[in-house]
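**Student:** Provided herewith is a single structure, encoded as structure tokens, for subsequent inquiry.
The values are calculated or read from the model by the stated rules, or taken from the named source; none is laboratory data. Only a predicted model underlies this, so the values are computations on that prediction, with no experimental measurement involved. Positions of Cβ are generated from backbone atoms using ideal geometry, with glycine treated the same way; all protein chains shown enter the neighbour counts. Heavy atoms of the whole protein, side chains included, go into the accessibility calculation; ligands, DNA and RNA do not. Shrake-Rupley method; radii C 1.70, N 1.55, O 1.52, S 1.80 Å.
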Amino acid sequence: IPLGNIAFRANLLSLWGALLCLITVFKFLEILFSGNNLWAYSGLLFLSGQPHFWQKAVTTEVYSWLLFFFGAMLFFLFRKQVRAKNYLCLALIFGAACSLHVTAVFFLPLLLFYQVFFLRKYEPKFLVLFCFAVLLTLSLYLYLPLRAVNNPVANWGDPDNFKSFLAHIFWRNR
């Protein structure tokens, strides 16, 4: 978008993540309260009225997008129609969230709980499908070394070789 400088555009991208977060949280609350829009709107107003939420929404950070991914995972977890397609969407969103920030890995026990108690399918094909979908979205990490060899202005961790690439992914100090 040719609008403002690079910092303004990055902040605008974070704002989009926050707005999408509000939408997914509203949809999740709508499902949670069985279509009772009063409670869903109340939850939406509560979240959107938090100054800390908007402080993170207008700064160039990953938190608004991480909240969006968490809201999307909750939306797919609590849908009334429990299907394998929902589980695939969960896996794709989980992988994208993990490629965004490492703290998303703490959502994994909830996803496994969902498979065991709600899908009630212990077939290996579901586990293989889940792993494939997560690995597919984790392949977003492969962009880091491709971009790092061109010496960009912001090059956190300088993942231009395999050792520094792994150190960047696993948050190791070099």
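**Student:** Take residues that are within 14 Å of the chain's Cα centre (by Cα) and either under 17 Å from W171 (Cα atoms) or of a type in the set (V, I, T) (or both) and tell me which of the helices (runs of 4 or more DSSP H) falling wholly in the stretch 98-158 contain 2 or more.
**Tutor:** Per the criteria, 124-138.
**Student:** Only residues that are among the β-branched types (V, I, T) and either in contact with a Leu (Cβ under 6 Å, 6 or more places away or on another chain) or closer than 23 Å to A97 by Cβ (or both): list them for the stretch 139-170, please.
**Tutor:** Answer for the stretch 139-170, where residues must be among the β-branched types (V, I, T) and either in contact with a Leu (Cβ under 6 Å, 6 or more places away or on another chain) or closer than 23 Å to A97 by Cβ (or both): just I169.
**Student:** Scan the helices (runs of 4 or more DSSP H) fully inside the stretch 1-85 and keep the ones with 3 or more residues being touching a helix residue (DSSP H, G or I) at 6+ places or on another chain (Cβ under 8 Å), touching a residue at least 24 places away in the same chain (Cβ under 8 Å) and surrounded by 13 or more Cβ atoms within 10 Å (Cβ to Cβ).
**Tutor:** 6-32, 51-57, 63-77
**Student:** Something else now. On the basis of being among the charged types (D, E, K, R), at pLDDT 85 or above and farther than 20 Å from L135 by Cα, does E30 make the cut?
**Tutor:** yes
**Student:** Picking from L119, L90, L100, which residue would you name as being modelled with pLDDT under 90 and open to solvent by 30 Å² or more (accessible area, probe 1.4 Å)?
**Tutor:** L100
**Student:** Can you tell which of L144, L166 is open to solvent by less than 100 Å² (accessible area, probe 1.4 Å) and either closer than 20 Å to F69 by Cβ or in contact (Cβ under 8 Å) with a residue 12 or more places away in the chain (or both)?
**Tutor:** Going through L144, L166 in turn, just one is open to solvent by less than 100 Å² (accessible area, probe 1.4 Å) and either closer than 20 Å to F69 by Cβ or in contact (Cβ under 8 Å) with a residue 12 or more places away in the chain (or both): L144.
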